[in-house]
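Here is the structure we will look at, set down as structure tokens.
Please treat every number below as a calculation from the coordinates, not as lab data. What you are looking at is a predicted structure, and each value in this text was computed from that prediction instead of being measured. Glycine gets a Cβ as well: all are built from the backbone with ideal geometry, and neighbour counts include every protein chain shown.
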Amino acid sequence: MDNYTDIMQHPRYRLRLHRPMPPLSRAAQFSAFAALTGFDEEIDETARLTVARENMCEDDLASLDAALQRLIALESAQPLVTVTFFQPDLHKEGGAYLSFTGHFRFYDQEHGMLRFTEQVEIAVPAICRILVCR
């Protein structure tokens with residue numbers, strides 16, 4: 001009686017007018033259920049790290065301004081330049097420091113953007129470092 005030996009030999013009960021459910025449909029009843037839809041995405045978003053933008057000192061701002069003036073002077077040569085800039089995060093506070101290397105095309109003074117031949121635009125206020133590779 002401990003291991004159901006008394007009922008193991010009985011035939012399985014089946015309804016005469018009702019077909020058994022196919023195994024695939026039966027398995028669907030027990031598939032995973034996400035009670036908290038979107039919760040995994042929220043956890044991933046919370047776990048994603050951002051950094052705060054650092055304020056530049058007066059000396060750094062002066063050297064950045066000098067580098068920008070040199071770059072504008074070299075505009076006709078379309079030099080190869082590496083620009084490090086801060087890109088704010090769209091969903092939470094902070095952002096990330098990114099670097100882009102490309103050929104400088106011109107400075108759009110009206111919009112305050114550096115434009116590159118690779119169809120990339122970088123806002124001048126976001127820039128923290130300019131390195132002319134030549």
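Details
- P(r) for the stretch 58-132, from all Cα pairs and a bin width of 5 Å, is 3, 16, 27, 27, 16, 8, 3, 1 %, short bins first.
- In terms of other Cβ atoms within 10 Å, PHE116, PHE100, PHE39 run from fewest to most in the order PHE39, PHE100, PHE116.
- The chain, relative contact order in percent, only Cα pairs under 8 angstrom and at least six apart counted: 21
- Exposure proxy for ARG19, ARG105, ARG26: other Cβ atoms within 10 Å of each Cβ, ordered fewest to most, give ARG19, ARG26, ARG105.
- Antiparallel beta bridges, as assigned by DSSP with both residues in the stretch 58-132, represent about 100 percent of the total such bridges.
- For the stretch 58-132, the residue among SER76, MET113, ALA66 whose Cα projects farthest onto the positive side of the dipole built from Cβ charges is SER76.
- The angle separating the long axis of helix 58-73 from the principal Cα axis of greatest extent in the chain is about 80 degrees.
- Globularity ratio of the chain, using Cα Rg and 2.2 N^0.38 Å: 2.25
- Between the stretch 79-134 and the stretch 27-67, the Cα center-to-center distance that results, in Å: 20
- Across the stretch 5-48, the convex hull enclosing all Cα atoms gives 158 Å³ per residue.
- Between VAL51 and GLU118, the contour length at 0.36 nm per residue exceeds the alpha carbon distance by 21.4 nm.
- GLU110, GLU42 arranged by Cβ crowding within 10 Å, fewest neighbours leading: GLU110, GLU42
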